[in-house]
Amino acid sequence: MKKRHLILLSLAATLLSGCANGYKQFYTVNPHTNLEAIAKNRAAPPLDEPVVERSGPPPDHDTFVNSYRRRGYELLGASEFSSGSTHKDEQAIQQAKDIGADLVVIINPQYQGSTTENVPLTLPTTTTSYSTGTATAYGRGGTVTAYGSGTTTTYGTSTTYIPVTTHRNHYGAAFFAKMKTNIGLNFRPLNGDERQDLQTNQGVVVAVVVEDSRAFHADFLEGDVVVAVDDVKVTGLSAFRSLMESKRGTEVTFNILRKGKAINKVLNLGQ
């Protein structure tokens, strides 16, 4: 019985433990990130030991990512999964090292409840029975009594059901690279409400101003709508990026709408 008890404990421990790295298994590259551009424009080679931060569940993706873009980080990818096993911070840190991230933000695990199921355990059984008997023989010389004994062994199996409770948690982590700060601006297309308010489909919106950058000190603000650069109209995000690339290394004038008011901002784009 002692051996059987040890086997049951060993099985339960095996079912409740896990060795796979969920942060690696469920890692997804950010589909909006150009990894080649990041490799070319990162501030320095990947750190040997990435910076580790913790966070509660993000309110939404854009708000979360932009909070790190303001600090000069760009999202490489993220991991998100539910598991009944324990996944340690060291696993997220190892994934950060594997992909060359400078910063890993580990989302605090969120408890999702527990489930209990009966797991069958089948073990071999052996049953041995013993028998004895006597026999008396009668003859002219008298009586003779014979004695005998024997054993019978039966082999089979026995199935026991053990309850196993699994506590599940939701895990997540985001992985970032530290980027060079050029002018310190990130842009996005106009959304539907902005197109209606401005009565135009043309222009781009300042989504992020990187802290302590040239744009930051020139007082660009998030939400500014760039309608032209050096009086060349901005028709959309792709055309705007091409225009900015053509003017790299020069000083340009951004024609901006801020809360309906037209203003100009002069900025050197740098190399």
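The values are calculated or read from the model by the stated rules, or taken from the named source; none is laboratory data. What you see is a predicted model, and the numbers here were worked out from it, not measured in a lab. No Cβ is skipped: glycine too gets one built from the backbone with ideal geometry, and neighbour counts run over all protein chains shown. To get the accessible areas, we keep the full protein, side chains included, count just its heavy atoms, and leave off ligands, DNA and RNA. Shrake-Rupley method; radii C 1.70, N 1.55, O 1.52, S 1.80 Å.
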Requested in this report: Would you check which residues across region 18-28 are open to solvent by 70 Å² or more (accessible area, probe 1.4 Å) and either at pLDDT below 85 or not in a loop (DSSP other than H, G, I, E, B) (or both) and list them?
Outcome: CYS19, LYS24, GLN25, THR28
Query - In region 169-196, the residues that are without any contact (Cβ under 8 Å) to a residue 24 or more places away in the chain and closer than 14 Å to GLY223 by Cβ - result: ASN191, ASP193
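Take region 96-117 and flag every residue that is over 13 Å from PRO46 (Cα atoms) and in contact (Cβ under 8 Å) with a residue 60 or more places away in the chain. Outline the logic, then answer.
If we filter region 96-117 for residues that are over 13 Å from PRO46 (Cα atoms), which is where we start, we get 105-117.
VAL105, ILE106, ILE107, PRO109, GLN110 - these are the residues of region 96-117 that are over 13 Å from PRO46 (Cα atoms) and in contact (Cβ under 8 Å) with a residue 60 or more places away in the chain.
Among what's in region 150-168 and is open to solvent by 50 Å² or more (accessible area, probe 1.4 Å) and touching a Gly at 6+ places or on another chain (Cβ under 7 Å), pick the residue that is nearest to ASN21 (Cα to Cα).
Filtering first and then ranking leaves ARG168.
Among the residues of region 93-125, what is the count of those that are under 18 Å from ARG168 (Cα atoms), small (Gly, Ala, Ser) and open to solvent by less than 30 Å² (accessible area, probe 1.4 Å)? Give the derivation first.
So in region 93-125, the residues under 18 Å from ARG168 (Cα atoms) come out as 106-119.
Cutting the leftovers down to small (Gly, Ala, Ser) gives us 113-114.
Then drop every residue that is not open to solvent by less than 30 Å² (accessible area, probe 1.4 Å), which leaves 113.
Residues in region 93-125 being under 18 Å from ARG168 (Cα atoms), small (Gly, Ala, Ser) and open to solvent by less than 30 Å² (accessible area, probe 1.4 Å): 1 in total.
Output the residues belonging to region 58-76 that are open to solvent by 80 Å² or more (accessible area, probe 1.4 Å) and at pLDDT 90 or above.
Those that are open to solvent by 80 Å² or more (accessible area, probe 1.4 Å) and at pLDDT 90 or above: HIS61, ASP62, ARG71.
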